[in-house]
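Readers should treat all values here as calculations from the given coordinates under stated rules, not as data from a laboratory. Please read all numbers here as calculations on a predicted model, not as lab measurements. Every residue, glycine as well, gets a Cβ built from its backbone with ideal geometry; the counts of neighbours run over all protein chains shown.
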Amino acid sequence: MDMKKLLKVAVPVAVIGFFILIMNSDFLFREPDGYHVPSQIENITESILRSDWSTADTQLNEMDTVLKETIFPLIQFSVEKDEMIQIDLSIARIRGCIQTRNRDLAVVYLQDIKSHWNNLNK
Amino acid sequence: MNEACVVAVRGVISFFTLLIFARILGKQQISQLTFFDYILGITIGSTASSLTTDLTSRAWPHWVGLLTWTAAVLLLQVITIKWRKASKFIDGEPTIVIQEGKIMEETMKKMQYRMDDLYEQLRQKEVFDVMEVKLAILEKDGQVSVLKKPEFCQVTIQDLNLPTRDKGMATELIYSGIVIEENLKQMNHDRKWLCDELKKHNINAPSEVFFLTVNSDGTLYIDKYADHLQSAIRIDD
């Protein structure tokens, strides 16, 4: 096979391969610098269950910043927009729960985030 | 999340995927569009469109849909090439709509093909009187092929026993003032020959020429940038 024929096959295959990678690239960017979102959800849950509202608020803000500034911009090409919006909404609700010291509802919304996080690429 | 950015990336993905898939499917899609091919084209295009703009779902399922439809079309193409019977079943068969000058009403009814459609397609074949037609066949792609009665056929050079001159296919040598070196070489000519030929037509350089072709018998067609027309014909209203 000469070079021209090889390129005719290799270029489209490489392009298709690259597209497939982009469309499924979320697994590469879900844990930037080892930041594990489900673990952070567990940490926030524990803080809330201990009624340590100040720590819970700090942890939630930290998770919100990492999600919005690092994770979402990178995974937005390969996940559902609605799931990201739902995570964002749940964070806002939890923030409200922390302010009103509503432990039950805060835990419910944390589980909600966990579910949406798992459904991001489904 | 930047929606415009996501749409742009997904647009690039669907555009080039469609381009590659269309190349894989080959020219059959364009040159022999049956009704089914037409629907296939629309569906594949629609899926590509969703891939670009439907941000409520991931790009991947849409892309898989695109791949599935393309693979199905490719499979049908392979089947229809290998098995003639399958080809008849999938693509349909040509149907005679006029035989020995008689219109086949029953066949047309079955095909849901109207007399108006037949007349229109006959006119497109430069047949303005159905009396001229001996045989008309409705092809798989909806086109009508017509065989005229001998008395209405055009006289050919063979009928008149005239000598013929085979001109062959014209080859482009200059386009937009630029010499196409590959074609020049293919026609066993060089730049010097081209410049000599141009000088014979009072042209000093290839840049003065918009379009130039040469036949296998060496006849040139030259269109210069300067057309020197007395008055240009206007066809607009």
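Would you calculate the volume per residue, in Å³, of the smallest convex hull containing every Cα atom of segment B:171-224? Provide the component values of the computation, followed by the final result.
Numbers: hull volume 3.4 nm³, N = 54.
Once divided by residue count, the hull of segment B:171-224 is 64 Å³.
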### Query
What helices does chain B have that are whole DSSP H segments, at least 15 Å long along their own axis by Cα, and with mean Kyte-Doolittle hydropathy of 1.6 or more?
B:3-25
## Note on the structure
When the charge dipole of segment B:171-224 is computed with +1 at the Cβ of Lys and Arg and -1 at the Cβ of Asp and Glu, the Cα pointing farthest to the positive end, of B:Y221, B:H201, B:I174, is that of B:H201
### Task
Any chance you could give the angle, 0 to 90 degrees and rounded to 10, that helix A:53-66 forms with the longest Cα principal axis of chain A?
20 degrees
#### Entry: Within chain B: Cβ-based charge dipole about Cα centre, in debye rounded to nearest 20 (Lys, Arg +1; Asp, Glu -1)
800 debye
### Query
Nearest 10 degrees, 0 to 90: what angle lies between the long axis of helix A:3-23 and the longest principal axis of chain A (Cα atoms)?
10 degrees
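To the nearest 20 debye, what is the magnitude of the charge dipole of segment A:3-118 about its Cα centre, counting +1 on the Cβ of each Lys and Arg and -1 on the Cβ of each Asp and Glu?
On the way: 12 positive and 16 negative charges, 127 e Å.
Its charge dipole is roughly 620 debye.
Can you give the Rg to Rh ratio for chain A, taking only C-alpha atoms and Rh from Kirkwood? Don't skip to the answer; put the middle values down first.
Numbers: Rg = 19.5 Å, Rh = 16.1 Å.
The Rg/Rh ratio comes out at 1.21.
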### Message
Using +1 at the C-beta of Lys and Arg and -1 at the C-beta of Asp and Glu, which of B:P150, B:S87, B:M115 has the Cα lying farthest in the positive direction of the dipole of chain B?
### Response
B:S87
### Query
Relative contact order (percent) for chain A, with alpha-carbon contacts under 8 angstrom and 6 or more residues of separation?
28 percent
### Task
Tell me what the protein assembly as shown gives for mean residue ellipticity at 222 nm when only DSSP H runs of n ≥ 4 count, each as -39,500 (n - 2.57), the sum divided by the residue total, rounded to 500 deg cm²/dmol.
-18000 deg cm²/dmol
### Message
On C-alpha positions alone, give me the angle between the axis of helix A:103-118 and the longest principal axis of chain A, in degrees, nearest 10.
### Response
10 degrees
### Message
Explain nothing, just the number: dipole magnitude of the protein assembly as shown about its Cα centre with +1 on each Lys and Arg Cβ and -1 on each Asp and Glu Cβ, in debye rounded to the nearest 20.
### Response
880 debye
#### Entry: Which of B:F21, A:S90, B:A48, positive extreme of dipole for the protein assembly as shown (C-beta unit charges)
B:F21
